[in-house]
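What follows is a short report on a single structure.
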């Protein structure tokens with residue numbers, strides 16, 4: 001008789017975690033995936049009753065930075081619990097097996113858990129010349145993806161390579177590098193772009209599937225809204241400097257030392273949707289802009305071909321009169337001068353009025369004195 005698979009909570013108990021640790025973990029998960037406190041109970045119930053989710057994790061045209069980001073998450077539970085509890089059955093990077101043994105594990109999982117396993121993909125898929133530019137075990141990446149996706153419960157495209165092609169798809173794209181969404185259909189696809197994505201964003205996406213048995217709410221580009229609904233520009237701590245027209249002109253000027261806005265030296269924050277400014281990296285320590293380098297827009301499609309990284313955008317929508325950094329500086333400067341002039345004019349008018357009132361009062365006092373005599 002086949003043994004019933006352990007639930008996530010039962011696995012945590014076996015690893016020495018207390019009930020208190022478990023509840024804290026559920027609360028942490030809720031916070032990361034944007035669930036209000038009233039929804040923590042649903043996560044607790046799901047973790048107590050659901051078995052581990054079978055996962056197959058593929059690598060194609062990429063540099064493995066997404067895996068590196070995930071396993072190096074600063075939160076210990078991401079690696080100690082999530083990786084362990086999702087039953088990571090196949091991954092070329094982390095598995096001990098190789099060759100025929102690895103392929104046997106992959107196909108056994110796909111057969112045994114058809115319609116139930118989660119498919120994770122790093123990297124774009126080459127389609128030129130019958131896909132010969134990326135082969136594993138004598139098969140093209142294109143064949144592997146299409147076969148695995150046919151039996152998957154959902155597909156998660158890790159990073160910009162799998163989500164939008166990334167650097168491999170940059171012009172002239174000789175291998176025909178293609179994002180996952182363009183080569184499979186009929187199965188839910190979640191895009192988690194970034195080069196790489198933040199580890200906690202990746203964990204939060206998986207946890208949502210674990211806890212609620214459905215994909216998270218997505219935007220028009222298939223990205224989880226919990227992490228990609230706001231621009232880096234909107235949550236940037238340098239934003240007040242942008243609004244004030246205070247910009248870094250070059251990376252070695254005094255304005256850079258003062259922490260002014262990096263828009264003029266190419267920051268793509270105003271057109272990039274990601275959680276970098278909120279979640280940050282290394283346990284919330286920092287992110288590229290805080291380290292002094294502008295956002296290169298790595299979570300947006302075609303970022304590699306969207307012009308030089310160190311040249312600011314000519315314009316971007318959403319700010320009314322604000323069109324370019326140069327114009328903003330002029331507007332702010334003009335507004336300051338106008339404000340000073342208006343203040344001076346109003347002060348002079350007020351003083352003249354006071355003088356007239358003073359003269360009028362003096363005349364009245366003289367007349368009163370004459371009348372008394």
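By count of other Cβ within 10 Å, fewest leading, how are 118, 246, 6 ordered?
Values: 118 22, 246 17, 6 14.
Ascending Cβ contact count within 10 Å gives the list 6, 246, 118.
Distance between the pseudo-spin-label points of residue 92 and residue 212 (7 Å out from Cα toward the beta carbon): 3.3 nm. Only bridges with both residues in region 52-228 count here: give the DSSP antiparallel percent, nearest 5. Once the DSSP bridges in region 52-228 are tallied, antiparallel ones form about 25 percent.
Its convex hull of Cα atoms gives region 52-228 a direction-averaged projected area, equal to a quarter of the hull surface, of 9.5 nm².
For the peptides 192-198, 278-284, the ranking by mean Cβ contacts within 10 Å, running from highest to lowest, is 192-198, 278-284.
The eigenvalues of the Cα gyration tensor, multiplied by 5 and square-rooted, give region 151-258 an equivalent ellipsoid with semi-axes of 33, 20, 11 Å from largest to smallest. When 185, 67 are arranged by Cβ crowding within 10 Å, least crowded first, meaning fewest neighbours, the order is 185, 67. The label-point distance for residue 285 and residue 243, in a model that sets each label 7 Å from Cα toward Cβ, rounds to 3.1 nm. Centroid-to-centroid, using Cα positions, region 27-56 and region 253-272 are 38 Å apart.
For region 93-146, the spread of Cα positions along the three principal axes, ordered from largest to smallest, is 33, 24, 17 Å.
Residue exposure proxy: 153, 4, ordered by other Cβ atoms within 10 angstrom of their Cβ from fewest to most, comes out as 4, 153.
Read-outs throughout are calculated quantities, based only on the coordinates presented, and are distinct from any laboratory measurement. Please read all numbers here as calculations on a predicted model, not as lab measurements. A quick note on method: Cβ atoms are made from the backbone with ideal geometry, for glycine too, and the neighbour counts reach across all protein chains shown.
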